[in-house]
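Report on the structure given below.
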Amino acid sequence: MLEAIRRAISFLRQKQVLHKLGVLISIAVIAVACYVLYHMLRGIDTNEVIDAIKSTEPTQVALAALFVAAGYFTLTFYDWFAVRAIGQRHVPYRVNALAAFTSYSIGHNVGASVFTGGAVRYRIYSAWGLNAIDVAKICFLAGLTFWLGNAAVLGLGIAYHPEAAASIDQLPPWLNRIAAFGILLALFGYVAWVWAAPRGVGRGPWTVTLPGGPLTLLQIAIGIVDLGFCALAMYMLVPDEPQIGFVVVAVIFVSATLLGFASHSPGGLGVFDAAMLVGLWQMDREELLAGMLLFRVLYYIGPFVISVILLTLREIIIGARSKRLRQLAPAADPEPPRHEAAVYVRERGETGT
């Protein structure tokens, strides 16, 4: 059975069926989101949106910014965990933090985060002796942490409040609850699988040893905390009325984030927004849109600007340091003067040595 599955996957890869299918899914998600967003935004009063932004309490914005900062701080442990999982313990946490923050914030905004984030990581980690295979493994394990956290949050959230997901997928609450229990069961099965014995994926030098049971629980915890902080930031910016509870906002937020991720559009633009507007249909559209715009500034635009500044400063510092080392190299190992070299050669010729 397993051999048949492997042959099927190999055939699909050779024919690039999976790649083409992924592109089609992304296009379909974006198309549906644009259609929904167009109908949701018809009749929106721009002046009311601007007024809603201006009337947002500064304390709400400050708390949302604090939760965003906490979320990005938690993101740094994605790389810290992954780097140590592949045995590269000589890389300090500050480098993990820089790589994680810049790769995620740039990847979120540029889109195709697997490639853009990987390129940023390689530029940073290559200075510490890591090669492309090491960086690919880091990206894989960081992504695994992300998906395990999403599975846990969605599974627990939908199992507790299935109506939250029903507003997006339009399925009956009882079916959503069954799906949630299925997600949790699959998550439990994965933890039991890696706990039972060492597991690996990939072939040859690309083989990644999966974290064992206790470390997988740590992965899940990191993912839950990260998503929790992000959902709290969004919760602080949505309208106060009607009161629908944090769990509902968290489930809809994570679902919208995953849909935006699946579309590969920069920042999930259009897809994330359409899902949020559909999921939180009870709220005033102008006020909800104002909160979403503020969230984009705090979670996407702000970190992106900071990341560009940090990477630019890093390149300037590295360039200046390299130039200084090149200037010091001749002084540290000077060549002998030409006249001394000539005398030395002549003396060796006279002595026959």
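The values are calculated or read from the model by the stated rules, or taken from the named source; none is laboratory data. Bear in mind the structure is a predicted one, so any value in this text is a computation, not a measurement. Here the Cβ is made from the backbone with ideal geometry for all residues, glycine too, and neighbour counts use every protein chain on show. Protein only, heavy atoms only, side chains kept; ligands, DNA and RNA dropped before computing areas. Shrake-Rupley method; radii C 1.70, N 1.55, O 1.52, S 1.80 Å.
Brief remarks on what is shown
- Rel. contact order, % - alpha carbon contacts under 8 angstrom, at least six apart, the range 196-312: 20
- The Cα atoms of the range 241-323 give a gyration tensor whose axes a ≥ b ≥ c have a/c of 1.5 or more with a/b greater than b/c, which makes the shape prolate.
- Of the listed residues Phe253, Phe261, the order by accessible area with a 1.4 Å probe, largest first, is Phe261, Phe253.
- Across the protein chains, with a 1.4 Å probe defining accessible surface, the residues Lys137, Lys54 rank Lys54, Lys137 from largest area downward.
- Arg314 accessible area, assembled protein chains, probe 1.4 Å, Å²: 40
- Calculated accessible area for the range 47-167 comes out at 42 Å² per residue, all protein chains present (probe 1.4 Å; ligands, DNA, RNA ignored).
- Between Glu241 and Ala262, the FRET efficiency from the beta-carbon distance, with R0 = 35 Å, is close to 0.65.
- Values of log10 I(q)/I(0) for the range 113-167 across q = 0.16 Å⁻¹ run -0.59, by the Debye formula with one identical scatterer at each alpha carbon and no solvent.
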